[in-house]
1. When only alpha-carbon atoms are used, what values of Rg and Dmax, in angstrom, describe the chain?
2. Residues with amide H under 5 Å of V34's amide H, sequence separation 5 or more or different chain, H placed in the peptide plane at 1.01 Å from N; which?
3. L121: net charge of surrounding residues, Cβ under 14 Å, Lys/Arg +1, Asp/Glu -1, itself excluded?
4. Heavy-atom accessible area per residue, the range 2-180, 1.4 Å probe: how many Å²?
5. For the range 2-180, give the percent of accessible area contributed by carbon and sulfur heavy atoms, probe 1.4 Å, rounded to a whole number.
6. Run down the lysines and flag those whose C-alpha is under 28 Å from the C-alpha of K253, throwing out any fewer than 8 positions away in its chain.
7. If the elastic network links every pair of Cα atoms under 10 Å, which of D208, D151, D40 fluctuates the most in the Gaussian network model of the chain?
8. In terms of the ratio Rg/(2.2 N^0.38 Å) built on C-alpha atoms, what value belongs to the range 165-238?
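The values are calculated or read from the model by the stated rules, or taken from the named source; none is laboratory data. Bear in mind that the values here come from a model prediction, so they are computed numbers and not experimental data. Glycine gets a Cβ as well: all are built from the backbone with ideal geometry, and neighbour counts include every protein chain shown. When the accessible area is computed, the model is the full protein with side chains, heavy atoms only, and any ligands, DNA or RNA have been set aside. Shrake-Rupley method; radii C 1.70, N 1.55, O 1.52, S 1.80 Å.
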Amino acid sequence: MIPTITGEADLIVSDSLNHASIIDGMRLSKAPRVVYPHADLGALREALAAARRDGRPDGGGAHRLILVVTDGVFSMDGDIAPLPGIVAAAEEVGAAVMVDDAHASGVLGAAGRGTVDHFDLHGRVAIQVGTLSKAVGVLGGYVAGSQDLHDLLVQRARPFLFSTSAPPAVAAACLEAIHVLEEEPALHERLWANTRLFKAGLARLGFDIGVSETPITPVMMGDSALAGRFSDRLFDEGVFAQPIVFPTVALDKARIRTIVTAAHTEAHIDRALAIFDRIGHELGLIAG
Ligand SMILES: Cc1ncc(COP(=O)(O)O)c(C=O)c1O
């Protein structure tokens with residue numbers, strides 16, 4: 001998406017905690033870029049005002065397109081992008097917004113439609129992309145945008161043109177998963193009930209669970225070696241939760257990343273919490 005629609009005459013404005021795939025997309029583009037501190041709307045506004053005032057860094061006049069790119073749900077912290085503020089800031093300077101809803105698709109909004117629906121911003125976000133590999137549980141991704149955008153991508157997007165397409169079985173599995181999302185709202189409700197239960201349990205036990213607002217719930221460890229040991233001990237006891245360490249997150253922000261699903265039962269969650277409690281004490285992360 002990003003290299004297909006941007007070039008030297010444009011500007012990409014990106015959140016500092018955007019996913020690696022967005023960073024790679026920017027590297028593949030010839031467009032200059034500005035990175036604003038995570039979810040900082042004041043800094044975003046300043047970056048957009050400076051872009052409008054100063055124009056292209058090569059002296060070529062005004063930018064053709066200013067594209068503001070953000071994750072919808074941030075993959076390592078589980079917080080939701082302040083999309084209403086981002087959209088308002090972009091609209092003030094005529095910029096377009098692209099949201100990567102990998103972790104919001106199937107999770108936020110009616111039947112998991114994502115952050116645009118969650119915030120009721122229909123028609124104000126030019127591009128919504130997402131994976132089909134997370135809540136949808138299959139493989140691949142989607143782009144939602146205008147017919148013109150669709151036509152441009154079909155003609156020009158290099159991976160679309162030069163890589164093998166998804167096989168029919170994968171496409172059928174994705175379609176079926178979307179039907180499940182539309183037709184079985186109880187699963188969606190269960191995901192959120194499980195999320196609330198697990199988060200409340202971890203907080204009650206005394207763990208630092210960061211700023212998450214979604215099923216992605218980090219359990220902050222700080223030290224990378226501790227995160228690795230914690231994850232190994234969880235696995236010994238029957239809980240699979242991966243450590244996330246530098247360079248995926250800052251050096252002192254190592255964590256265990258947990259994600260509950262709609263398939264978990266209350267008994268699973270209680271058992272996981274009991275194991276977190278035991279290992280938290282064993283490794284000195286929680287006291288009492
Ligand atoms: C925000 C975001 N975008 C894109 C991706 C890439 O997804 P996939 O592995 O399905 O290509 C991920 C995966 O972690 C992600 O978190």
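1. 20.5, 63
2. I12, V13, S14
3. After counting each charged neighbour, the total is -2.
4. Values: 8640 Å² over 179 residues.
Spelled out: the 1.4 Å probe surface of the range 2-180, per residue, equals 48 Å².
5. Details: 4920 of 8640 Å².
Roughly 57 percent of what the probe reaches on the range 2-180 is carbon or sulfur.
6. Qualifying lysines at Cα under 28 Å: K134, K199.
7. Sorting by GNM fluctuation, first place goes to D151.
8. On the way: Rg = 17.5 Å, N = 74, 2.2 N^0.38 = 11.3 Å.
Working it through for the range 165-238, the quotient is 1.55.
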